[in-house]
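Taking it in order: structure first as structure tokens, then the write-up.
Rule-based calculations on the coordinates, nothing more; no lab input. Given the structure is predicted, the values throughout are model-derived calculations rather than measurements. Here the Cβ positions follow ideal geometry from the backbone for every residue, glycine too, while neighbour counts run over all protein chains shown.
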Amino acid sequence: MNFTSILTMTLLVFGLIFFYAIGIYLNKKTPLPSGCDLPSLKCEHCTSTSCSYSEPNRVEQIKTEIKNSLKNKNSGEGAINE
Amino acid sequence: MTKKQNFLKGIFSENPVFVLILGMCPVLGVTSTLFGALGMGVAFTLVLVLSNIIVSMIKNFIPNEVRIPSFIVVIATLVTIVQLTMQAYLPDLYNQLGIFIPLIVVNCVILGRAEAFASKNNILDSTIDGLGMGIGYTIAIAMLAFIRELFGAGTLTLFMYGDVNIKFNLIPNNAFEPISILILAPGAFITLGLLLGVINAIKFNIENKKSVGRS
Amino acid sequence: MNKYIHLTLVLLIVSGLSGLILGFTNEFTKDAIRQVKLDNINKNMNKWFPSVPLENKEENATADYPDLSDKNVVNIYEAKDISDTLEGYILEVKAPDSYGGGMVLLVGIDTEGKVVGFTYLSFNESGPGANVRENNSFVNRIVGKDSVNDVDTVTGATYTSTATLNGVQIALDYFDKNLKE
Amino acid sequence: MSTSDLIKLGIEAILIQNVILTQFLGICPFMGVSKKSQSAIGMGLAVIFVMVISSGVTFVINDLILQPNKITYLQTIVFILVISGVVQFVEMFIKKTAPFIYKTLGIYLPLITTNCAILGIALINVQPEKEFGYAEMFVYTIGISIGFTLVIYIFSTIRERLENANVPKAFKGTPIALITAGIMSIIFLGFAGLV
């Protein structure tokens, strides 16, 4: 476990985190191209909770979705082709 | 949110596989044998709990701008440690899981929990949350692996290490021909789809009884 | 300005720590991983050539073997018993185009060129191909033969069994060409 | 590898070793984003773009830095950071230069960092027993990403029709999608003997 491999490891990992952090920073800074907001596809049918677009309370949102799908199933008791 | 609720939510109300439907790649990939699923479950729980602990410990030292990169480094380091120890001391499990151990790093559940929960709660709650989620995940993939291996190969491998091979051959002198498609790739999709459907049906049933009882 | 210094400092500490931790874990597990491979070879060595003592065969026992580079034969281990007479060889062979890819075989061949036994060093076949490994009838069909072109494959796992047969055949051809006295 | 082997490898990557249906990588976007074929195409193109770039970068890093210094156990940590960095720079690059392209696949780029397929293929490329050179790696990655786009597009067209099929209440949504994917996987099994 010589010293050089520790050094290369630390520099490598540090360089890559820096590369990623700079990427995030520059990405946040560059403005959206003119007249092209994000497409209407919000996150309603994407289940990934860790992508930076997901609203913070994505998990609660999924649970409420299931709850009200249950509710309208019950309230629709009378409806024929629920 | 009491401690018990915090723990049980990971298994029932917010089960990562059946409710949130996250981290599907390993769920389909490793469940061709029960041993693979249990091994994956344990490795996943270990990484999830340790990452939740570490993240909740260092959350106030890390400035907000570099939050996600440092969390990714923490999780990747933990995954590499698990990978190396498994390669050294459990080679059969390592060969069984193959590519899916390093893929725990990109598992949506872990980074999601670290960011959504661990970076906002103290160490104890994060550990309980991680444990709950991990056990919920393990139960889910163990159920899937049980069904797939039982009907697909008629055997249940519990533990493989070198020549120790605890394997129950459940078809007495091959009474029925195992449905080998279940062990194959399509079997994973179909079994999981059916399993999710059945669980939804049970849930609707319970909700129905409760609402009928109430009204 | 000191915000950025603070940022880089934190990043440096995080990466340094992770580098150190990984370095140490690698130190602990490095020789254990090598040992796993050697154990496998020694275990099979003892199983196929019972007279060979179960001691630690060195990995690079192949310094002086001809034209290893292009062929799929990766390593050769000599099976010498206590009185140092040659009982046979164990060849580590890469079996091409298996279903899951990356299949490596250990093939034991005695001095007359007959297959004494074979096993998988790395095996990532899925589905029915996975239980070719435990299919004893397929194994017994190969053991004791000096050529495998008349051995038929396992139904339902043609890919895996043909790759295994190719691997064993490569070992046998290599033996006839270079190792036969 | 001769060119015929490369073509064989390419076809195998697209049809036989399909990344979704046989290797089970990239299931999260496959399930999450394939509700509409337009969004599926966007996701597919983004995956092709990012997978080829990140596989190239990770392969070079592995060859020049990890392999000689014998620190290949760092592959996981280095590759995930490289992929995340590449995604950020690709998004920034597209924002600046090609607003039209950004309109179709802009939203999917942050999703791709948590996509198992990108990291999975990057790790498979550097597996010691695979022994990929640059040509094989390039052909394999392009084949895999085309296979991804092909499957996710076909699946999205089927799923659009599933919306108005009368599926039992419990099976609506992901369960029926998984079963359809299973049937598609059976069809793709038919390609096994092709090459």
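Straight-line cross-link partners of residue C:145 among the lysines, defined as a Cα under 27 Å from its Cα and at least 8 positions apart when in the same chain: C:37, C:43, C:47, C:57, C:71, C:80, C:94, C:114, C:177, C:180.
The count of lysine pairs in chain B with alpha-carbon distances below 23 Å, taking only pairs 8 or more places apart or on different chains, stands at 10. Once you treat every alpha carbon in the range D:60-118 as an equal point and sum by Debye, what is log10 I(q)/I(0) at q = 0.13 Å⁻¹? One equal scatterer on each Cα of the range D:60-118 leads to -0.44.
Across the range B:47-62, computed HN-Hα scalar couplings (Karplus, 6.51 cos²θ - 1.76 cosθ + 1.60, θ = phi - 60°) run 5, 5, 5, 5, 5, 5, 5, 5, 5, 5, 6, 9, 5, 8, 8, 8 Hz from first to last residue, x flagging Gly and Pro. Shielding by partners for peptide B:11-23, expressed as the average number of C-beta atoms from other protein chains within 10 Å of each residue's C-beta, is 3. Within 10 Å of the Cβ of each residue in B:115-123, the mean number of Cβ atoms contributed by other protein chains is 2. Counting Cβ atoms of other protein chains within 10 Å of each Cβ in B:191-202 and taking the mean gives 6.
Sparsely packed loop sites in the range D:63-119 (the trypsin sites (Lys or Arg not before Pro) outside DSSP H, G, I, E and B with at most 13 other Cβ atoms within 10 Å) comprise D:70. When the Cα positions of D:147, D:94, D:77 are compared along the charge dipole of the range D:1-158, D:94 comes out farthest toward the positive end, with charges on each C-beta of Lys, Arg, Asp and Glu. Partner lysines whose Cα lies under 22 Å from the Cα of residue D:36, excluding those fewer than 8 positions away in the same chain, are identified as A:42, D:103, D:169, D:172. Rounded to the nearest Hz, the phi-derived 3J(HN,Hα) couplings of the range C:105-111 under the Karplus curve 6.51 cos²θ - 1.76 cosθ + 1.60 (θ = phi - 60°) are 10, 10, 10, x, 10, 8, 5, where x marks glycine and proline.
Listed peptides B:136-143, D:149-156, D:112-119 appear in the order D:112-119, B:136-143, D:149-156 once ranked by packing, highest mean of other Cβ atoms within 10 Å at the front. Shown is the FRET efficiency for residue D:166 and residue B:139, computed with R0 = 30 Å from the Cβ-Cβ distance and rounded to the nearest 0.05: 0.40. Placing unit charges on the Cβ atoms of the charged side chains and taking the dipole of the protein assembly as shown about its Cα centre, the candidate lying farthest along the positive direction among B:86, B:58, A:14 is B:58.
Which semi-axis lengths, in whole Å and largest first, follow from the square roots of five times the eigenvalues of the Cα gyration tensor of chain B?
Details: eigenvalues 198, 128, 34 Å².
Value: 31, 25, 13 Å, ordered largest first.
Relative to one another, the C-alpha centroids of the range C:31-50 and the range B:71-88 are positioned 27 Å apart. Comparing mean-square fluctuations of D:132, D:171, D:24 from a GNM of chain D with C-alpha springs under 10 Å, the top value falls on D:171. Proximity of backbone amide H atoms, modeled 1.01 Å from N, is registered between residue C:114 and no other residue at under 5 Å, excluding neighbours fewer than 5 places apart on the same chain. Helix D:75-97 versus the longest principal axis of chain D: what is the Cα-based angle in degrees, 0 to 90, to the nearest 10? Rounded to the nearest ten degrees, it is 70.
Let's test the formula: R0 of 22 Å, r as the Cβ-Cβ distance of residue D:6 and residue C:149. What FRET efficiency results, to the nearest 0.05?
On the way: r = 29 Å, r/R0 = 1.30.
E between residue D:6 and residue C:149, to the nearest 0.05, is 0.15.
In order along the range D:185-191, the phi-based Karplus estimate (6.51 cos²θ - 1.76 cosθ + 1.60, θ = phi - 60°) of 3J(HN,Hα) comes to 5, 4, 4, 5, 4, x, 6 Hz; Gly and Pro are listed as x. Considering only D:127, D:17, D:75, the Gaussian network model of chain D with Cα springs below 10 Å gives its largest mean-square fluctuation to D:127. Computed over every Cα-Cα pair of the range C:12-56 and binned at 10 Å starting from 0, the pair-distance distribution P(r) comes out as 25, 28, 20, 15, 9, 2 percent.
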